[in-house]
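The values are calculated or read from the model by the stated rules, or taken from the named source; none is laboratory data. Keep in mind that this is a model prediction, so the values were computed, not measured. Backbone-built Cβ (ideal geometry, glycine too); neighbour counts: all protein chains shown.
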Amino acid sequence: MVFEPHDFWQSFSPPGTHDPAPEAGHAGFYPATLPDGRQLPLPLRVLPGDGTAAVASLILNQASFTVEDGLAATLAQLLRPHAPEVIIGVPTLGLPLASNVARRLGHTRMVPLGTSRKFWYRDELSEPMRSITSPGAGKMLYIDPRMLPLLTGKRIAVVDDVISTGQSMQAALRLLERAGIVPVAIGCAMLQGSGWRDTLASHEDKIVAPLATPRFVLSPAGRWKPADQETETH
């Protein structure tokens, strides 16, 4: 099956539509699978370097409302056992997901972190932030000090769109620690690869996500295979 670039992230496929592990490898997309069996075809993006490594990509603000709602509904179900009282959203793409999840949990609001410094923000409530899709100088992450009374003594869940290297989430957790906040849960729409496990090792038991995708390496035949599978094969 061939997808045009604008076709991705627009609809779920019924369970079993796509082979999640074809023997020859993947060409162009990877079908990530939700807990209920539905599949979401994700484009494979070649990482900077020698062109032999790739990841499955999810750009949530380009997704249809149907897909965003489906991921948010599943994430809310996964977070519900942790009984969060407040959802904190990580910018930028984690913010609409956090808002959607908070509504589904019956909350009246969520608390956003930000990357734009307002004049009333405090330097001690900021943290440098980087991600796999923004590998340059990075940004500063802030929490509005006016929001702290909403968080003190509450059960907090932090929500982002994708956790890949874990650096963005680690920055958010360090920032919250500065404010004396330790979340009870961490949620995202997709866990991308396994690099985040080392970065977030002390929080791994708190992390939930509807989707999980491997990293990919280019096979001699020019197809993309999960990195661990290709290592075992060769």
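Inclusion of residue 143 among residues that are surrounded by 16 or more Cβ atoms within 10 Å (Cβ to Cβ) and either without any contact (Cβ under 8 Å) to a residue 40 or more places away in the chain or out of contact with any strand residue (DSSP E or B) (no Cβ under 6 Å at 6 or more places or on another chain) (or both) is warranted.
Just wondering, is there one or more residues in segment 66-74 that are buried (at least 22 other Cβ atoms within 10 Å of the Cβ), touching a helix residue (DSSP H, G or I) at 6+ places or on another chain (Cβ under 7 Å) and small (Gly, Ala, Ser)? Yes: one or more hits. Filtered by the rule that a residue be β-branched (Val, Ile, Thr) and assigned to a loop (DSSP other than H, G, I, E, B), segment 33-68 gives 52, 59. If we scan segment 146-156, do we find a residue that is crowded, with 24+ Cβ neighbours inside 10 Å and in contact with a strand residue (DSSP E or B) (Cβ under 9 Å, 6 or more places away or on another chain)? Within segment 146-156 (the criterion being crowded, with 24+ Cβ neighbours inside 10 Å and in contact with a strand residue (DSSP E or B) (Cβ under 9 Å, 6 or more places away or on another chain)), the answer is no, since none of the residues qualifies. In segment 39-58, of all residues being within 18 Å of the chain's Cα centre (by Cα) and of a type outside the set (A, V, I, L, M), the one that is nearest to residue 71 (Cα to Cα) corresponds to 39.
Number of residues in segment 1-32 that are assigned to a loop (DSSP other than H, G, I, E, B), of a type outside the set (A, V, I, L, M, F, W, C) and closer than 20 Å to residue 53 by Cβ: the value is 4. Restricting 189, 185 to those that are at pLDDT 95 or above and farther than 19 Å from residue 43 by Cα reduces the list to 185. Of note, residue 228 satisfies the criterion of being in the same structural domain as residue 32 (by TED's automatic domain parsing) and out of contact with any Cys (no Cβ under 9 Å at 6 or more places or on another chain). The residues of segment 69-84 that are part of a helix (DSSP H, G or I) and either among the charged types (D, E, K, R) or in contact (Cβ under 8 Å) with a residue 24 or more places away in the chain (or both), listed by number, are 69, 70, 71, 72, 73, 74, 75, 76, 78, 79, 80, 82.
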